[in-house]
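All remarks here apply to the structure that follows.
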Amino acid sequence: MIGSQSRDRVLLALLLVLSLEGRLVAPFPNTAPETCGYQSCHKTSPGMLNVHIIPHSHDDVGWLKTVSQYYYGGGTSLITPDQDSNIDLLVIGSLLYCKISTSDHAATEVGTAFIHGDGETTSRIKEYNKEEETHLQYANVSAILDTTFQELKKNPDRSRPLVSFLRTCTGRTTHPLYCLDRSTVHVFEAVRDECTSIHSAKENSASIGSRDGHYPSNLHAPMGSPCFSHWTRPGSSGGYLTRAICLTLSLSTITIPPTATLTLPGLPHVPPRLTLPEHSSVPPRLTLPEHPSVHRDSRCRNILPFHRDSRCRNILPFHRYSRCRNILPSTATHVAGTSFRSTVTHVAGTSFRSTATHVVCWGKKELLAKSPRSQLCLKVVCWGKKELLAKSPRSQLCLKVVCWGPSADLFSGLLYNDYGPPSGFCWDLRCYDAEISSQNANDKVRAFLNFVNTQSKFYNTDNVLVTMGSDFTYMNATLYYTNLDRLIDLVNAEQTNGSNVHLIYSTPSCYLKAVHDSNPALTTKTDDFFPYANEAHAYWTGYYTSRPTLKRFERVGNNFLQVCKQLSAMTGVADKDSSKLDALREAMGIVQHHDAITGTEKLAVAKDYAKSLSSAVQACGDLSQQAINKLLIADQNAPTVEFKSCPLLNISRCEPSEIEDDFLATVYNPLARPVSHYVRIPVTGEQYVVTDPSGTSLVVQLVPVPEPVHSLEKSSVLVKTELIFHAVDLPPLGFRSYRVSRTTPTSRPGTSLQSSDTTIGNQNVTVEINETTGLLKKITVDGVEIQVEQNFHFYRAYSGSNGASNRRSDGAYVFRPQVDEATPIANSANYTTYKGDLVEEIHQVFSDWTSQVIRVYKEESHVEFEWLINTIPLTSGTGIEPVSRFVTDLSSDRLFYTDSNGRELLERRRDYRPSWNLTVTEPVSGNYYPVTSRILIRDPNQGLEFAVLNDRAQGGSSVKDGQIELMVHRRLKVDDGFGVAEVLDDMEPARGHHYVVAGRVDGDNGTSLAARERGLAQRKLLSPWLFFTPASQWSPAPWCSGLKSSLGLPSNVHLLTLEPWKDQAVLLRLEHFLEKNEDPILSSDADVNIKNYSSLKQELLAPLTVLSVNETTLDGSQWLSEVDRLQWNVTGTEERTPISHRINNFTITLSPMQIRTFIVGYY
């Protein structure tokens, strides 16, 4: 059995993989012909209304309760003694304690279900306590697993093939394996027992899981198998890179007797093996096929990127979020932090596995073919809540199926009844509907037929999808399945009486294929659905900003995860034991759950998420230290040299730099191009000397820590100064170490000069403030002046009784101000100016809870605004929502632009929707959009642009021409009534950055402003990471580079992912990060020779012998050559320039916005 400590650890990454088209293929004698892919779907009946029954369970990872509480059925009692007061990195360095109360134990006891051999449930599962439901949102995922597993073995129609949280790994047919998703390790023992049970049953009966002893394979969930959502996907405010983080987890396997033979689940032309997801929050995946140049990977990779979503929501609406949140790529996650299995939130924080954020804000159809979604084998996108689009003519239009873009082939549609069952057809512990019996059978059949016949009027084929399940359903799967079987039999029996309705157990993919075979004419949609509302006054635009410190922590976590993965790939330290790397992958996957990164969970749950991520960062820190030691120290028996991180730099605290008078600061650059970075380190001395690896002394500057920041943290060591030096040309995927030594004060070189100057700047950019008000007045970039005032305002939150729409309150989800005009926090600011050799700063104080630093570094062309919002006072009796507002003299003509998960820019027009005529009910919140990376306005007459980049997901808008505002924090007095049942009384201080890039659209010196913005965004998303070492442990100041070329990759190419794959192979993901026509030069295709650029083994400076380069789908789950996408009958399409997928002598080509993934074999 798994130890309790280990079990609790993995519970933080729990994701049920019984869903998303997955299922267990039971062992069977290799005698019957195999049926794979779509061929294993139940046949539809031509000329009839085919109703696809999709059993599913919407299981939140953590919302009202924590992950482990949802799994075991416990309560919500969390206490956090002595919590650190650090700002952006919640509870870093502190512990979170869970205290289970008596009622919690009772709930656990009531919710624990066991199934006897005859399938009968114990009495405990029937002892559902309604009071627990009222107070604790009664849920027990272990019961869902237990009961569902047993039910799927009983009926071949439900389990054709049999579903489970296991997938097949057909290594050799004589040694088949069941591969466990990392997220299901906590039930390893139970699963092993079930596997044994299934195998034994198969030997005694030919009817287990299929007919005639044959287990057809199909990558869909078995007909009738429940789809479990939240436990299998990522989250909301990371970015596309954040989604990519979940790419390579090792997996656990269970061996089955060698007599067993397994078929492959999967679409036609799927690889011969399945892999396990690399992220606990991502379901299992298919492994790559055997290839002469790629080592067999026992960990397998999941073939269906679009069937998972490790940190965001599932791409399939019925597998997603219950409260209609769209963590969409554009709500918070950066593709870089996305779990690129099938997701897409900031492509930078993306766990390129299988995440794909629900509704899909993919605009610009000409970019779709090159976007993450189009390369993920995504087949269908659906979403729930038809109310989101309002009950107007447009809702019927949106009910029609839609195809996104001419060649992206993303079929999309709106679920008719949210993701729940028809009224009266829910049978489970949390449902109270009457079971189907002889007494009510006729009424039940009549009601169901009326429902589906009405539903069919809104769809344009003879196939409709009915979701049977909801939040945490199937805790008593016996009850649910028994009634579903009765319903299917009774309704189909009505065909003898003239009914044309045909019910079948189905899956999303089978439904998709049936619709495709009907060949409907589909319209295209190029805009997104932001912002959406479910009532006239309930725009779900508040969660774009809710809990800003957790949103920032996710971004920092992704930054370090990329560092940790790169170092692991370059040294092989995680080859034998990937647990520490997996810990951070898993934590990042969990924190991108749609009730985590959105900030819409209870406070105790938010702290639990932060605690999990904090612990994982520390674990990966140990691995990074091991990797750097391996790079620098030839004698592996030598004492380990410390390379420690400082998690409290966000509040200007760092223990190593505060207590050591002589230390090394190692600056690691995670980008694949040289970067120069201004390093800021909190120190206690008055004078320091900094030398680079060659022993050359660098220019330094000491700048006071702003008093409002200093007052946030009280300790025995009063840090009031930050040391600044310029780390020039940090090598790509490499580092330099700088020696920092405290010296005796003499002439005090490097001290900043304090003054009351109103102008700061350098040769590229100058900033001027108003001498009287202390507010920003003007920015001049390359000789172009832009009049701009910046100030902090706040909206007073509306407090209502909910119920009716006009009484809807502002809350964790909803942003609804009392009035349309925001109030300035202050009309003026006290200011002090500091100037030195490296940076010039203006420190502003607006109030006792709002302050800011405006700074310009000597060799930068942007302006940095470092803001601090301390605990927001609620003296007025209403909630307060502060915003940073920039008011320029540009004529923007109601237009502004926001990014979609850190990638394409989407045009926004105030008070306008491209798809329907908008009735304006909320002039402010109805024009708020998610800003993952940047928001900008343009003046086409002057050819000028003003852009603001941020360091975390936020809500933003241009409520008036020439203006940009970003909401930086929220503290409220009432709840909005949408489920969390807790006021968003967020008292955490938040400190963050905005970066202003302005000037001519076409830029200067041949580089467009857009290219400069994207380059800066990457530098901030993947900032250089600092490690600290006492000088006594390591005297040389070393440096290393992970790329052979000191120039790095082409300037328009970004290395999105580099991580360990399997024995002598790494996964490499490259991105062309500019859009078409954004830059006259950089928007052209880029060639990369992988063999000459990459240097990915221990001897980082030595040439790497690359043996093979093979392209996969975006998530790395399938050879690209094996992909066979459905082609749709789409109207109004535009031709798109073909993109290349060739590999010519190790040289690959990237077109604008294209991302390509490769398995690189080497020795």
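Report the calculated FRET efficiency for Ser847 and Thr684 (r = Cβ-Cβ distance, R0 = 35 Å), to the nearest 0.05.
FRET efficiency, Ser847 to Thr684: 0.75.
Using the Cα gyration tensor of segment 807-929, with a ≥ b ≥ c the square roots of its eigenvalues, what is the shape: rounded (a/c below 1.5), prolate (a/b larger than b/c) or oblate (neither)?
Cα axes put segment 807-929 in the oblate bin.
Scan around Gly337 for amide H atoms under 5 Å from its own, H built in the peptide plane at 1.01 Å from N, and keep only partners 5 or more places away or cross-chain.
Answer set, sorted by chain and number: Gly239, Tyr240, Leu241, Thr242, Arg243, Ala244, His346, Val347, Ala348, Gly349, Thr350.
Can you give the accessible area per residue of segment 516-557, in Å², using a 1.4 Å probe?
Working: 960 Å² over 42 residues.
I get 23 Å² per residue for this part.
From the backbone phi of segment 448-458, what are the Karplus-calculated ³J(HN,Hα) couplings (6.51 cos²θ - 1.76 cosθ + 1.60, θ = phi - 60°) in whole Hz, Gly and Pro given as x?
Ordered by residue, 3J(HN,Hα) equals 5, 5, 4, 5, 6, 5, 5, 4, 4, 5, 9 Hz.
What chymotrypsin sites (Phe, Trp or Tyr not before Pro) does segment 432-519 have in DSSP loop regions with at most 15 other beta carbons within 10 Å?
Tyr432
Which pairs, out of Lys580/Lys644; Lys720/Lys777; Lys1020/Lys1062; Lys457/Lys525; Lys65/Lys611, put more than 19 Å between their alpha-carbon atoms? Mind showing how you got there, number by number?
Values: Lys580/Lys644 16 Å; Lys720/Lys777 29 Å; Lys1020/Lys1062 30 Å; Lys457/Lys525 21 Å; Lys65/Lys611 14 Å.
Result: Lys720/Lys777; Lys1020/Lys1062; Lys457/Lys525 exceed 19 Å.
Which loop-located GluC sites (Glu not before Pro) does segment 588-697 contain, where loop means any DSSP state but H, G, I, E or B and the Cβ has at most 15 other Cβ atoms within 10 Å?
Passing sites in segment 588-697 are Glu686.
Taking H as built 1.01 Å from N, whose amide H comes closer than 5 Å to the amide H of Thr545, not counting residues under 5 places away?
Gly955
Amide H to amide H under 5 Å from Gln687: which residues, 5+ apart in sequence or cross-chain, H placed 1.01 Å off N in plane?
When sequence neighbours closer than 5 places are left aside, the close amide H contacts are Thr743.
Tally Lys/Arg at +1 and Asp/Glu at -1 over every other residue whose Cβ is under 15 Å from the Cβ of Glu771; what's the total?
Local charge sum for Glu771: -1.
What ³J(HN,Hα) values, in whole Hz, does the Karplus curve 6.51 cos²θ - 1.76 cosθ + 1.60 give for segment 421-428 when θ = phi - 60°, with x put for Gly and Pro?
Working through the residues one at a time gives x, x, 4, x, 10, 10, 10, 6 Hz.
What ranking, highest mean first, results for peptides 1024-1033, 731-740 when packing means the other Cβ atoms within 10 Å averaged over each residue?
731-740, 1024-1033
May I ask you to derive the FRET efficiency for Asp1124 and Ser876 from their Cβ-Cβ distance with R0 = 41 Å, giving the value to the nearest 0.05?
After rounding, the FRET efficiency stands at 0.10.
Go through segment 485-501 residue by residue and turn each phi into a ³J(HN,Hα) via Karplus (6.51, -1.76, 1.60, θ = phi - 60°); whole Hz please, and just put x for glycine and proline.
4, 4, 4, 4, 5, 5, 5, 5, 5, 5, 4, 5, 9, x, 5, 10, 9
Rank-order 1061-1067, 625-631, 1112-1118 by packing density, defined as the average count of other C-beta atoms within 10 Å over each peptide's residues, highest first. Display every interim value, and only then the final one.
Working: 1061-1067: 21.6, 625-631: 20.0, 1112-1118: 30.9.
Packing order, densest peptide first, comes out as 1112-1118, 1061-1067, 625-631.
Of the accessible area of segment 585-733, with the probe set at 1.4 angstrom, what percent is carbon plus sulfur? The partial results should precede the final answer.
Values: 2400 of 4800 Å².
After summing per-atom areas, the C and S share lands at 50 percent.
The values are calculated or read from the model by the stated rules, or taken from the named source; none is laboratory data. As the structure is a computational prediction, the values presented were derived from the model and not from experiment. With ideal geometry, Cβ positions are generated from the backbone for all residues, glycine too; neighbour counts draw on all protein chains shown. What goes into the accessible areas is simple: the full protein's heavy atoms, side chains included, and nothing from ligands, DNA or RNA. Shrake-Rupley method; radii C 1.70, N 1.55, O 1.52, S 1.80 Å.
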